[in-house]
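Participant: Got a structure for you, questions after.
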Amino acid sequence: LPIYYSLILIAGVQPLQGSPLAAEYKTSFKLSAAILKKFGISEKAIVAIIPKPVKRDRTFASALAVKNWLAQNNIQPKGINLFSIGPHSRRSWMLFKEAIGEEIPVGIIACENREYDPKRWWKTSSGVRTVLGETIAYLYAKLVFDPGRVRAEIATE
C-alpha cells in the first residue's frame with residue numbers, strides 16, 4: 001500500500017558549503033525543497049524546522065525541534081518516518097525515538113549512500129570513514145549520551 005504524507009519536515013537546516021549548488025540554494029532546506037518540488041510535492045507541505053544551535057548532539061537537537069514544532073502547531077501524527085542516509089540512519093532513528101517519545105511511533109527510511117558500495121564499504125576510504133565514524137557515534141549515543149543534558153542546554157538558550 002502506498003504511504004501518503006501530509007507534511008514533510010526538514011530538520012537541521014544547514015548552510016551549503018563547498019557544493020556547486022551552494023550559490024543557487026544557500027541552505028540544505030532550499031535544496032531539499034527544490035528536489036521535493038521536482039517530484040511533485042506541494043510547497044505547502046514542506047516545512048523547515050530549524051533547531052537551536054548546539055555544539056554537539058545536533059541530531060538529537062533536530063529531533064527535539066521536530067517534537068516542539070509538532071506540539072506548538074497542535075499536530076498529533078499517527079507516526080513519523082525519518083529519512084536519513086546510510087549508516088547514520090540507525091543512530092538518527094534511535095535519537096529521534098528518544099526525543100519524540102513513545103506516544104508517536106518513529107519509523108526509518110534509510111537511503112543508500114552512493115559514495116561507496118555499502119556491501120563492500122571496507123574497500124574505499126569513504127566507506128571506512130563513514131562506517132567506522134558512525135559506529136563510534138552510535139556507541140557514544142548508546143553508552144555515553146545524556147539526553148537530559150541536551151534538553152537542559154536547549155532550554156537555557
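The values are calculated or read from the model by the stated rules, or taken from the named source; none is laboratory data. This is a predicted model, so every value here is computed, not measured. Cβ sites come from the backbone with ideal geometry, for glycine too, and all protein chains shown count toward neighbours. For the accessible areas, the whole protein counts, side chains as well, though only heavy atoms, and no ligand, DNA or RNA atoms are used. Shrake-Rupley method; radii C 1.70, N 1.55, O 1.52, S 1.80 Å.
Participant: What value, in deg cm²/dmol to 500, does the helix sum -39500 (n - 2.57) over DSSP H runs of n ≥ 4 give at 222 nm once divided by the residues of the chain?
Facilitator: -14000 deg cm²/dmol
Participant: At a Förster distance of 41 Å, what's the computed FRET efficiency of Val128 paired with Ala71, Cβ-Cβ distance as r, to 0.05?
Facilitator: It comes out at approximately 0.50.
Participant: Here's something else I'd like to know. Provide the per-residue ³J(HN,Hα) series for region 57-69, in order, calculated from phi with Karplus coefficients 6.51, -1.76, 1.60 and θ = phi - 60°, each as a whole number of Hz, with x at glycine and proline positions.
Facilitator: Computed from phi, the couplings for region 57-69 are 6, 5, 5, 5, 4, 5, 5, 5, 4, 4, 4, 5, 5 Hz.
Participant: Can you count the Lys pairs in the chain whose Cα atoms are under 17 Å apart, with each pair 8 or more apart or on different chains?
Facilitator: The result is 8.
Participant: On to the next question. Hey, can you rank 50-56, 87-93, 38-44 by average C-beta count inside 10 Å, highest first?
Facilitator: 87-93, 50-56, 38-44
Participant: Let me check against my output: what whole-number percent is the relative contact order of the chain, with C-alpha pairs under 8 Å and at least 6 apart?
Facilitator: Computed over the chain, the figure is 19 percent.
Participant: Right, here's the next one. Pick out, from Trp69, Ala22, Trp122, the residue whose Cα sits farthest towards the positive end of the charge dipole of the chain, with +1 on the Cβ of Lys and Arg and -1 on the Cβ of Asp and Glu.
Facilitator: Selected residue: Trp122.
Participant: For Glu103, what charge total do you get from the other residues with a beta carbon under 15 Å from its beta carbon, if Lys and Arg give +1 and Asp and Glu give -1?
Facilitator: +1
Participant: Where the accessible area of region 1-57 is counted over protein heavy atoms with a 1.4 Å probe, how much of it, in %, is carbon and sulfur?
Facilitator: 61
Participant: Could you calculate the contour length gain from Ala34 to Leu139, that is, 0.36 nm times the residue separation minus the distance between their Cα atoms, to one decimal place in nm?
Facilitator: 34.3 nm
Participant: Per residue, how much accessible surface does the chain expose to a 1.4 Å probe? Answer in Å², no decimals.
Facilitator: Ligands and nucleic acids excluded, the result is 69 Å² per residue.
Participant: Suppose R0 equals 35 Å; then what is the FRET efficiency for Asn81 and Ala152 from their Cβ-Cβ distance, rounded to the nearest 0.05?
Facilitator: Computed FRET efficiency for Asn81 and Ala152: 0.75.
Participant: Ok, one more. What shape does region 1-87 have by the C-alpha gyration tensor, where a ≥ b ≥ c are the square roots of the eigenvalues, rounded means a/c under 1.5, and otherwise prolate means a/b greater than b/c and oblate the rest?
Facilitator: oblate
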